[in-house]
Amino acid sequence: MNKTLYGGSALSVALDARDFVRRHGNSLSEVLHVVAGECGLELYCEADRLLDGLSPDPARVGKVVRQMRDRLAEVDSPEDRYAASLRWHGARLSDLAAALPS
């Protein structure tokens, strides 16, 4: 059996992050773009690139997930249209960030 550098659990969480980005990428990229402009969209694209391979690097994925989470957390008062999406994506990114290595 092959062992990964970070152990199975960190890789598993990185793969969970990939599934999250693939399933919810449209709404995640939209809310990041609305609240953080081009910087938010660039973070999303970076995450998408990092998660494209079969075995994404959990530390690099953790860094970009935390950056996306932080961008969403910086928003004071979002438009009502994006408030629920902001909270939902922020909570999911927080869960993933907590389980990924720094």
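The values are calculated or read from the model by the stated rules, or taken from the named source; none is laboratory data. Small disclaimer: the values here were computed from a predicted structure and weren't measured. Note that we place each Cβ from the backbone using ideal geometry, even for glycine, and neighbour counts take in every protein chain shown.
Computed values, structure above
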{"read-out": "Any hit, segment 7-18, residues being free of Cβ contacts under 8 Å to residues at least 60 places away in the same chain and touching a Ser or Thr at 6+ places or on another chain (Cβ under 9 Å)", "value": "yes"}
{"read-out": "Filtered residue count, segment 63-78, keeping only those that are over 16 Å from LEU28 (Cβ atoms), without any contact (Cβ under 8 Å) to a residue 24 or more places away in the chain and of a type in the set (D, E, K, R)", "value": "1"}
{"read-out": "One residue from ARG49, ARG18 being among the charged types (D, E, K, R), modelled with pLDDT of 95 or more, exposed (fewer than 15 other Cβ atoms within 10 Å of the Cβ) and in a helix (DSSP H, G or I)", "value": "ARG49"}
{"read-out": "Residue among ARG81, ARG92, ARG87, ARG60 that alone is more than 21 Å from ASN26 (Cβ to Cβ) and part of a helix (DSSP H, G or I)", "value": "ARG60"}
